[in-house]
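The values are calculated or read from the model by the stated rules, or taken from the named source; none is laboratory data. All figures in this text were calculated on a predicted structure; none of them were measured in a lab. All Cβ positions, glycine included, derive from the backbone under ideal geometry; neighbour counts span all protein chains shown.
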Amino acid sequence: MPGIFISYRRSDTEGYAGRLFEGLKARFGQDLVFFDVAGIAPGQNFHKVIDDRVRSCDVLLALIGNTWASSSDKTGQRRFDNPEDFVRLETAAALKRDVPVIPVLLQGAAMPRQDQLPDDLQGLARLNAMELRHTRWDSDLAQLLETLEKYVKPQARQKPARRRRWIAAVLTGMTLVISLTILLAWLARVEVPGVVGLPIEAAKAILDSQQLTYGITESDKTAAAALAPRVLDQQPPRGASVGRGTRVELVATRVARSVTPPSPSAARDAEFERAIVGTWRSMRTVLNGAFLDIQGTYHPGGRASWSGNLTYQRQRTPLVLSGTWQVNQGQFHTRVEASSAPGLLPNGLAGEAKILDITADEFAYVDRADGKTYVDIRMK
């Protein structure tokens, strides 16, 4: 099927390729985006399959990172010097068939020179490239999508006519009215999340994400929290099905007003800094379904080190990172200065989170990258 062929080197731009695939799929539909040669069945001639798929596509995106041209195999041989290299085969087939090829530069990479490329790829060096920058991903992606629409028609533009025919044929008369009424009632209901035991700010953020309101009653059943109150009870209980906008009544520990200032301050930041110092374990699902299991150690003075694993498409990649951290007006900032896997977590990658609460055992925060609330566990 004609469409977009993504050519990338896993050791170079795998994480970026997955993120780009999601953006292309949203605009053009999954059927019009070919992402990975892993789908080639055993026994098939991969030369022929690649040649057929590249020949039938409307445009090929050549994803180029910092090690795209220089990457070597386990024997130390440069991959591009191997005529069986998948990336070389894909790109050369497109150039040979006069398929439009768009070089896409990632990680601040520059276009390779002709003398860095094998003979069958030297035409690539003369092509105009586009850039996808981590710091301007949305605007760069929008420009790339606009360019691709010159070659591929988005599926989204083909749907309205089919949808109108389907609605006209199936939903008629009273059936339409009843179906829409049931659907709207179902969509307006949500399942109440369990927030008992969480810091009150984390509980409020979770309820907001489910479009639920809340009321808070203070209780003297336990001692006041040093940094922030915690939820003791909730009504309706966890798992109850309610309409959006329903008020959830929370019972929380009494606020220590003399300890917790109403807004971020230098004293508050110093308190957070003392509480953060140490080692924390974070386990979460990140971009494109990758699973991160990593320990971060935050040293006094702002130095940081991280180690662990990132699992993507059943492939586990060990990570060793170093960088800096700081707290400013209640915000936790980190920056990677050295990465053992720059293709997945590049040097210079910056993170920012709003601190909700820090105790002896837990660090609760809202990650600005995805707006989700996370709780890290302190390692003893």
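Structure above, values below:
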| quantity | calculated |
| --- | --- |
| Lone unmet requirement of (1) closer than 20 Å to I6 by Cβ; (2) of a type in the set (K, R); (3) out of contact with any Asp or Glu (no Cβ under 6 Å at 6 or more places or on another chain) for R78 | (1) |
| Checking R88 against (1) touching a Lys or Arg at 6+ places or on another chain (Cβ under 8 Å); (2) within 13 Å of D12 (Cα to Cα), the condition it does not meet | (2) |
| Tally, over region 322-348, of residues that are part of a strand (DSSP E or B) and of a type outside the set (S, T, N, Q) | 9 |
| Subset of region 139-155 (residues that are free of Cβ contacts under 8 Å to residues at least 12 places away in the same chain and either of a type in the set (S, T, Y) or touching a Lys or Arg at 6+ places or on another chain (Cβ under 7 Å) (or both)) | S139, D140 |
| Positions within region 12-31 being among the small types (G, A, S), over 11 Å from L141 (Cα atoms) and touching a residue at least 40 places away in the same chain (Cβ under 8 Å), in sequence order | G15, A17, G18, G29 |
| Residue list for region 7-49, restricted to those being under 18 Å from I102 (Cβ atoms), aliphatic (A, V, I, L, M) and either in a helix (DSSP H, G or I) or outside the structural domain of G65 (by TED's automatic domain parsing) (or both) | A17, L20, L24, L32 |
| Residues located in region 349-364, provided they are within 17 Å of the chain's Cα centre (by Cα) and either touching a residue at least 24 places away in the same chain (Cβ under 8 Å) or part of a loop (DSSP other than H, G, I, E, B) (or both) | L349 |
| Test: V286 is buried (at least 19 other Cβ atoms within 10 Å of the Cβ) and at negative phi | no |
| Only one of L24, L60 that is modelled with pLDDT of 90 or more, under 27 Å from A369 (Cα atoms) and surrounded by 20 or more Cβ atoms within 10 Å (Cβ to Cβ) | L24 |
| Those residues of region 127-141 which are within 16 Å of the chain's Cα centre (by Cα) and either assigned to a helix (DSSP H, G or I) or exposed (fewer than 12 other Cβ atoms within 10 Å of the Cβ) (or both), in sequence order | H134, T135, R136, W137, D138, L141 |
| Residue tally, condition assigned to a strand (DSSP E or B) and over 22 Å from S307 (Cβ atoms), over region 365-374 | 2 |
| Failed item in (1) over 19 Å from D51 (Cα atoms); (2) over 28 Å from the mean Cα position of the chain (by Cα), with L121 passing the rest | (1) |
| The listed residue being at pLDDT below 90 and under 24 Å from T317 (Cβ atoms), out of D52, D31, D12 | D12 |
| Only one of T311, T317 that is surrounded by 15 or more Cβ atoms within 10 Å (Cβ to Cβ), in contact with a Ser or Thr (Cβ under 8 Å, 6 or more places away or on another chain) and hydroxyl-bearing (S, T, Y) | T317 |
| Criterion (modelled with pLDDT under 90 and among the β-branched types (V, I, T)) met by exactly one of T260, T246 | T260 |
| Some residue of region 348-366 being surrounded by 16 or more Cβ atoms within 10 Å (Cβ to Cβ) and farther than 21 Å from A275 by Cα | yes |
